[in-house]
Each structure stands twice: as structure tokens, then as C-alpha cells.
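Down below is the structure, laid out as C-alpha cells.
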Amino acid sequence: MKYYSVAIVGATGAVGEEMRKVLEQRQFPVKDLKLLASERSVGKKLLFKQEEIAVEQLKPHSLKGIDIALFSAGASLSKEFAPLAAEQGTIVVDNSSAFRMDKNVPLIVPEVNPQEVSNHQGIIANPNCSTIQLVVVLKPIHDRYRIKRIVVSTYQAVSGTGKKAMSELLKQTKSMLDGQELEFDIYPYQIAFNLIPHIDVFLESGYSREEMKMVGETRKIMGDNSIAITATCVRVPVFVSHSESVNIETKEKITVEGAKRILESAPGLALIDELAELKYPMPAYAAGKDECFVGRIREDESIECGLNLWIVSDNLRKGAALNAVQIAELLIR
Ligand SMILES: NC(=O)c1ccc[n+]([C@@H]2O[C@H](COP(=O)([O-])OP(=O)(O)OC[C@H]3O[C@@H](n4cnc5c(N)ncnc54)[C@H](OP(=O)(O)O)[C@@H]3O)[C@@H](O)[C@H]2O)c1
């Protein structure tokens with residue numbers, strides 16, 4: 001068996017830490033693991049397979065000799081360092097939004113479009129977390145019923161913003177309970193006991209960039225630009241796992257039974273839909289798990305061919321680290 005030199009760029013972050021765990025849990029054939037972050041983290045030691053690895057500062061030559069680099073340190077660092085790494089022969093799996101819509105960069109969800117892996121030129125993009133869980137569920141339905149339109153509203157966990165946002169929710173929750181004044185730094189408003197209908201920056205159209213990422217990325221991954229998509233993205237005071245309320249309109253008549261039959265055998269997802277037993281997907285249940293959970297499946301009674309679904313998945317795992325490692329697995333197949 002061949003073993004690979006692997007690097008994680010952004011190793012100390014919410015996604016980077018999960019990447020280290022997923023590489024170990026899935027027994028990825030790692031020869032050596034390089035952990036890279038900012039100057040602030042130099043000297044920190046992190047465990048991989050019971051061995052301590054010292055975090056190093058990311059520098060232009062850091063990825064020399066690395067076979068596969070998992071990038072998760074933000075778009076501007078990806079833009080600066082990923083092309084450099086690719087030129088030196090490293091294959092980059094990039095978690096940021098830097099290259100996702102670049103037509104020369106495959107955007108991959110292994111359950112949906114694994115064939116795209118052979119088209120890379122050194123960089124492969126990992127989609128946005130809310131897009132990944134959406135397409136894992138909708139692609140098998142699209143293949144059978146042809147989706148015409150998607151209306152999606154998200155309920156996104158604070159870990160999607162990174163580690164500092166998780167601390168902010170924790171601190172604000174404590175302050176609220178202690179009757180103290182709230183401090184905010186990461187979000188423009190309090191997130192504890194609140195919802196914020198604003199993720200990433202607003203565009204002139206009134207949509208947020210996160211909402212438009214879902215539109216463009218879903219079409220690119222599903223390979224169908226004809227699907228009409230509209231999204232509303234909301235940040236909620238949940239630590240881990242994004243939830244989505246999804247309404248689809250299909251060309252062919254879709255039934256609950258027909259959809260369930262397809263979803264029961266589709267890869268990467270789990271159906272939880274037993275209303276009599278009060279079973280449906282929830283973020284607290286999905287956190288730490290690999291699947292995209294789907295439930296509350298109902299026919300949309302307001303139109304001829306429509307369905308409502310509720311989709312929940314761990315944004316740090318399938319939404320980021322797990323999907324990236326699965327892409328790396330495709331590379332070494
Ligand atoms: N969180 C999610 O659910 C999610 C999902 C999909 C994609 N992503 C993407 O993944 C990336 C990271 O997200 P995150 O949630 O893990 O953020 P995070 O918790 O804030 O972590 C950021 C990471 O980037 C590193 N970093 C920052 N500045 C650096 C520099 N100048 N040089 C080298 N490393 C630097 C940080 O290192 P220090 O600790 O040293 O500062 C840390 O390891 C972002 O592009 C995000 O859009 C996140």
C-alpha cells in the first residue's frame with residue numbers, strides 16, 4: 001500500500017482539527033502529517049495517532065514534498081498559497097470559496113460527482129457546507145424526478161464561522177444567564193438567544209454571498225444550470241450542524257413513498273422520518289456523525305409536483321473535513 005505526505009493548512013481551526021480526526025478515523029494512508037497555521041500557533045503540539053506533532057508557520061516553501069494538502073485557512077491564504085503548492089506538485093483540496101466557481105477547478109461531493117476528480121489541475125475545491133448536505137440529498141431525487149426549482153432556508157451553526165464564533169456564543173450565553181452585558185466581536189448582533197439572517201457579505205441584489213454560493217455551487221455540482229434556486233441563509237445559536245428547510249418542484253410527479261425509496265438506498269445519507277415516534281433529524285443528533293440526515297418529507301400540497309424536506313448534517317464533518325478527506329480518498333484510489 002502506498003502512503004502519502006499530507007499537510008493540513010489551518011490545522012488549529014475548527015475545520016483543521018476535524019480534518020486531523022477524520023484522517024485518523026478513516027485510516028487514510030498518511031506517511032507523515034504536517035500541521036500548518038499562523039505564527040500565533042507555532043510550537044503548539046497536536047495529537048495524531050497518539051503522536052505529538054508541532055504546528056509550524058505556513059510559509060511559501062512549507063508544502064514542498066507534500067503529496068496532498070488540505071487547505072482550511074480562509075480564501076485569501078488559499079489564493080496565495082494553493083497555486084504555489086500546485087506548481088510544486090502538491091494536490092490541494094481547498095475548503096475555502098477561493099476556487100469553487102473557477103471552471104478549471106473541480107468542485108466535488110464524492111457521493112454526487114466523483115468522476116470530476118480526474119479533471120483537476122492541482123487544485124480541487126470542497127463546496128460550501130450548506131451546499132454539500134443539500135446536494136447529497138437532492139441529486140438522487142433529481143436523477144429520477146428532474147428538479148425544476150429549489151427553495152431553501154438554512155439554519156446554520158456558529159461553528160461554520162470558526163472557533164472564535166463558538167466562543168462568542170458560549171460567552172454570550174453565560175453572560176445572558178448571569179444578567180451581564182453581552183460582548184460581540186464576530187457577529188454584528190448577539191447570537192445567543194437570537195437568529196441573524198445574514199451570512200457572509202450582502203450583495204447589491206439584496207442576497208448575501210452565502211445565499212448565492214448555494215445557487216452557483218449547487219448547479220455546478222449537480223451539472224445542471226437549468227435548476228432555479230433561491231436561498232435564505234440564517235445563523236442560529238447552535239454550536240454544530242446546519243439544518244435546512246428545502247422545498248423542491250419537480251418535472252415528474254413526486255410522492256413521499258417514491259422519494260423515500262430513492263433516499264433509503266442513496267449514499268451518504270440517512271432517513272429519519274418516523275413521526276409517530278417523534279423521530280426527525282436535529283442538529284444535536286447529527287453533530288459528530290458523518291451522514292446527511294433527512295426527514296419531515298411531505299408533498300407540497302400547494303403545487304402539482306412538489307416536496308418538502310428537512311436536512312441536517314454536521315457542518316464540520318460532511319460540510320468540510322469529511323468531504324475533503326473523501327476527495328483525497330478519490331485521488332489515491
Ligand atoms: N467551519 C465550517 O463549517 C466550514 C465549512 C466549510 C468551509 N470552511 C472554510 O474553512 C476555512 C477555515 O474555517 P474554520 O471554521 O476552521 O476557521 P477557524 O476556526 O477560524 O480557523 C482558521 C485557521 O486558519 C489559520 N490561519 C489564520 N491566519 C493564518 C495565517 N496568516 N497563516 C496560516 N494560517 C492561518 C488559523 O491558525 P491560528 O490558529 O494560528 O490563527 C486556523 O488554523 C475557511 O475558509 C472557511 O470558509 C469552514
query = Of the residues that sit in the range 224-269 and are charged (D, E, K, R) and in a strand (DSSP E or B), which one is surrounded by the fewest Cβ atoms within 10 Å (Cβ to Cβ)?
reply = Glu249
request  = Test Lys279 against the stated conditions and say whether it is touching a helix residue (DSSP H, G or I) at 6+ places or on another chain (Cβ under 8 Å) and open to solvent by 40 Å² or more (accessible area, probe 1.4 Å).
outcome  = no
message = I want to confirm something. Restricting to the range 26-40 and keeping residues that are within 13 Å of the ligand (Cβ to nearest atom) and open to solvent by 10 Å² or more (accessible area, probe 1.4 Å), which single residue is farthest from Val6 (Cα to Cα)?
response = Arg40
query = Of the residues in the range 1-25, how many are in contact (Cβ under 8 Å) with a residue 40 or more places away in the chain, in a loop (DSSP other than H, G, I, E, B) and either of a type in the set (A, V, I, L, M) or surrounded by fewer than 19 Cβ atoms within 10 Å (Cβ to Cβ) (or both)?
reply = 2
ask   = Of all residues in the range 48-70, how many are near the ligand (Cβ under 8 Å from one of its atoms) and touching an Asp or Glu at 6+ places or on another chain (Cβ under 8 Å)?
value = 1
key: Any hit, the range 99-111, residues being under 22 Å from Asp290 (Cα atoms), within 10 Å of the ligand (Cβ to nearest atom) and under 22 Å from the mean Cα position of the chain (by Cα)   = no
request  = Say whether the condition of being within 16 Å of the ligand (Cβ to nearest atom), closer than 30 Å to Ala11 by Cβ and either modelled with pLDDT of 95 or more or surrounded by 24 or more Cβ atoms within 10 Å (Cβ to Cβ) (or both) is met by at least one residue in the range 173-182.
outcome  = no
remark   = Residue pairs qualifying under the 9 Å Cβ cut-off, at least six apart or on distinct chains, with the first in the range 116-137 being over 25 Å from Ala259 (Cα atoms) and among the hydroxyl-bearing types (Ser, Thr, Tyr) and the second being in a loop (DSSP other than H, G, I, E, B) and modelled with pLDDT of 95 or more, are Ser118/Pro106
request  = For the range 208-221, indicate whether the set of residues that are surrounded by 13 or more Cβ atoms within 10 Å (Cβ to Cβ) and more than 19 Å from the chain's Cα centre (by Cα) is non-empty.
outcome  = no
task = Considering every residue within the range 293-314, establish whether at least one is within 14 Å of the ligand (Cβ to nearest atom), touching a strand residue (DSSP E or B) at 6+ places or on another chain (Cβ under 7 Å), in a helix (DSSP H, G or I) and open to solvent by less than 20 Å² (accessible area, probe 1.4 Å).
result = no
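The values are calculated or read from the model by the stated rules, or taken from the named source; none is laboratory data. Because the structure is predicted, anything quoted here is derived from the model rather than measured. Using ideal geometry, Cβ is built from the backbone for each residue, glycine included, and neighbour counts are taken over all protein chains shown. When the accessible area is computed, the model is the full protein with side chains, heavy atoms only, and any ligands, DNA or RNA have been set aside. Shrake-Rupley method; radii C 1.70, N 1.55, O 1.52, S 1.80 Å.
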